[in-house]
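These notes concern the structure reproduced below.
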Amino acid sequence: MKIIRCLIFLLAFLCQFNAVPAFGLGRSVNSFTNPLPAPRLIYPISDEIDITGKPSLEFRWGMDYAVWVREYEFKLYKGYQTYADNLILKETVSGNYSLEIDTAKFQDGQVYTWTLKQIGMDGQKSDFAYDSFRIIKK
């Protein structure tokens, strides 16, 4: 009986730190075992984005594997530099893998950089993923 109690205690302890998956919940990432990976940017990730005649530009991202994410921190900068002076938009996104922005915010020929961090359920933040693009707007 002592052995069973010890095994139950040990299993509960290991599950707390994600050393063992917790009862069929699958793989998760925890700050005690692994750093939270940066999100995978899907669109826009090309050099030029044509928004002619479009009401909005949709930013999309995803993950390569399941992690427990509470929210995403989205930032849009004017130019290539991610300095506070260049920040034009900061949003917190929960429950989605996309964000639409009105095309009126963008200027023809201007370069923009977007960054994205994910914030885990335990509050840990990932490194940010980023990409830059030039707007074409006729």
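The values are calculated or read from the model by the stated rules, or taken from the named source; none is laboratory data. Bear in mind that the values here come from a model prediction, so they are computed numbers and not experimental data. With ideal geometry, Cβ positions are generated from the backbone for all residues, glycine too; neighbour counts draw on all protein chains shown.
Odds and ends about this structure:
- Complete set of residues in the range 127-138 that are surrounded by 14 or more Cβ atoms within 10 Å (Cβ to Cβ) and either within 16 Å of R40 (Cβ to Cβ) or at pLDDT below 95 (or both): F128, A129, Y130, D131, K137
- Cβ pairs under 8 Å, 6+ apart, first in the range 73-99 and at positive phi and in the same structural domain as W61 (by TED's automatic domain parsing), second in a strand (DSSP E or B) and of a type outside the set (D, E, K, R): G79/V111; G79/Y112; G79/T113
- Consider the range 45-86 and keep the residues that are of a type in the set (A, V, I, L, M) and over 14 Å from K117 (Cβ atoms). The one that is surrounded by the fewest Cβ atoms within 10 Å (Cβ to Cβ) is A84.
- Pick from the range 95-112, criterion β-branched (V, I, T) and closer than 14 Å to E58 by Cα, ranking: surrounded by the fewest Cβ atoms within 10 Å (Cβ to Cβ): T103
- Hey, Q124 over 18 Å from G62 (Cβ atoms), surrounded by 14 or more Cβ atoms within 10 Å (Cβ to Cβ) and within 15 Å of the chain's Cα centre (by Cα) or not: yes
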